Amino acid sequence: MLRTLIIGLGRAGAGLHLAVLRRLRAGWEWDAVFDPAPVIAVDPRAHGASLGKDVLVTASIAEAAARLDPARTVVHVCTPPAVRLDLLRELAGLGFREIIVEKPITTDRAALAEILNLADAEELRLAVVAPWLASALTARLVELVANGGLGALRSVEIMQSKPRMGRSLANDGHPTAFDVEPPHSLGVCLRLAGAARLVDARLSDMTIGSTVIPNMGSAELVLRHEAATSRIVSDLASPVRERRIELDFAGGHVIGHYPGSADDHYAQLHVAAEGGPASRDVFPDDALTAYMRDTYLGFQQGKDFRDELAIGCQVAELIAEAKDLCLTGTEAASVG
């Protein structure tokens, strides 16, 4: 059975990872996966805080490691993406090998290369959080592309809107709007249409009254795949929340809506084939829970997660190229 160590008790660590783990650990069918001992957490800001009998908050990773067997512990890295490398080095030095890393894995190419070198040298099994790739909606979209019933896929359009003013003002460690929502959708574009190169990118500031938060307003990426194009638009100053994906095929059009918040895990799918009746389906889609379930089972069964890490690295590379283009005016080698 596996123990759990969560590093960082912010929105991702406490609000998402811990909440999902509690749901999974409560199910009897998971008794053979999760050790019933408390989850260990590390966050100096929360040291001494009470998060319930099922969580023990420690002051340091070293203290946490003394309470755990690293060989049978899954680590959740929920710290800001800009400070991952040193943390992963410390974890590796203490013997931890099975690590879930919040998206994006990092925010620059140099750190990404060092993380990959570290993973190879220390035989780390890194799983980059990618709930949209475990989503029931994504699975249905992949099947629509694969079965060819609507013809060839021509384009993918994704709109990710949500009001994120408070967290942006608090400077939560995400340097640009590219680093917040696009890591979710980029992975889906790569899964649906294959490898891609960056064609264009745009970035804007967030303005709240007289306060301007650089590069945290909206982000746009345009990608070219072998036989299709993708466009992602993320607006973090929107008054409404929406996660919409549209697929245009040679013989039809598809609109999907991912769940908009953590309190209503239902997705919607509209399919309109040329010359045929349109259909609409609403179905459960608790993607983060599905992702955590599959990842823990993968760790228990010895999965190496190389394919998932490859997608996470492609996402990080494309975001780095987009930032280079927007922030420095430098076109990366793959921009055309």
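For region 211-336, what is the convex hull volume of the alpha-carbon atoms per residue, in Å³?
On the way: hull volume 23.7 nm³, N = 126.
Once divided by residue count, the hull of region 211-336 is 188 Å³.
In region 115-212, the ratio of gyration radius to Kirkwood radius, Rg to Rh, stands at 1.05 when only Cα atoms are counted.
Between Asp43, Asp264, Asp35, the GNM of the chain built on Cα springs shorter than 10 angstrom shows Asp264 fluctuating the most.
Dipole magnitude of the chain about its Cα centre, charges +1 at Lys/Arg Cβ and -1 at Asp/Glu Cβ only, in debye to the nearest 20? Can you show the working numbers first?
Working: 33 positive and 43 negative charges, 105 e Å.
In debye, rounded to 20, the chain gives about 500.
Comparing Ser135, Ala46, Leu150 along the charge dipole axis of region 20-173, the residue lying farthest to the positive side is Leu150, per the Cβ-charge model.
Relative contact order for region 11-87 using alpha-carbon pairs under 8 Å, separation at least 6, rounded to a whole percent? Don't jump to the answer; show the numbers that get you there.
Details: 50 pairs, mean separation 19.2, N = 77.
It rounds to 25 percent for region 11-87.
For the chain, the spread of Cα coordinates along the three principal axes comes to 62, 47, 42 Å, biggest extent given first. Within the straight-line cut-off of under 23 Å between alpha carbons, the lysines reachable from Lys162 are Lys103, Lys323, sequence neighbours fewer than 8 places apart in one chain being disregarded.
Tell me the carbon and sulfur percent of the accessible area for region 1-64, rounded to whole percent, probe radius 1.4 Å.
Numbers: 1800 of 2980 Å².
The computed percentage sits at 60.
Sparse packing (at most 14 other Cβ atoms within 10 Å of the Cβ) combined with a DSSP loop state is found for the following GluC sites (Glu not before Pro) in region 54-162: Glu123. Between the alpha-carbon centres of region 210-277 and region 166-190 there is a gap of 15 Å. Measure off, as a whole percent, the carbon and sulfur share of the 1.4 Å-probe accessible area of region 83-192, all protein chains present. Its accessible area is 52 percent carbon and sulfur atoms.
Exactly which trypsin sites (Lys or Arg not before Pro) in region 43-122 are in a DSSP loop and have at most 16 other Cβ atoms within 10 Å? Don't jump to the answer; show the numbers that get you there.
On the way: sites: Arg45, Lys53, Arg67, Arg72, Arg84, Arg89, Arg97, Arg109; in loops: Lys53, Arg67, Arg97.
Loop-located and lightly packed - Lys53, Arg67.
Here the sum of -39500 (n - 2.57) over DSSP H runs of 4 or more residues, divided by the residues of the chain, equals -9000 deg cm²/dmol at 222 nm, to the nearest 500. Whole-Hz Karplus values for region 220-237 come out as 9, 10, 10, 10, 10, 9, 4, 10, 8, 10, 10, 9, 10, 10, 10, 10, 8, 10 Hz, taken residue by residue from phi with 6.51 cos²θ - 1.76 cosθ + 1.60 and θ = phi - 60°; glycine and proline positions read x. Size descriptors for region 1-132 (Cα atoms only): Rg and Dmax, in that order, 14.2, 44 Å.
Think of a 1.4 Å ball rolled over the protein heavy atoms: region 1-123 then has 44 Å² of accessible area per residue.
The values are calculated or read from the model by the stated rules, or taken from the named source; none is laboratory data. Every value quoted in this text rests on a predicted model; they were computed, and no experiment measured them. Cβ atoms come from the backbone with ideal geometry, glycine included; neighbour counts cover every protein chain shown. Quick note on the areas: whole protein, heavy atoms, side chains included, nothing else; ligands and nucleic acids left out. Shrake-Rupley method; radii C 1.70, N 1.55, O 1.52, S 1.80 Å.
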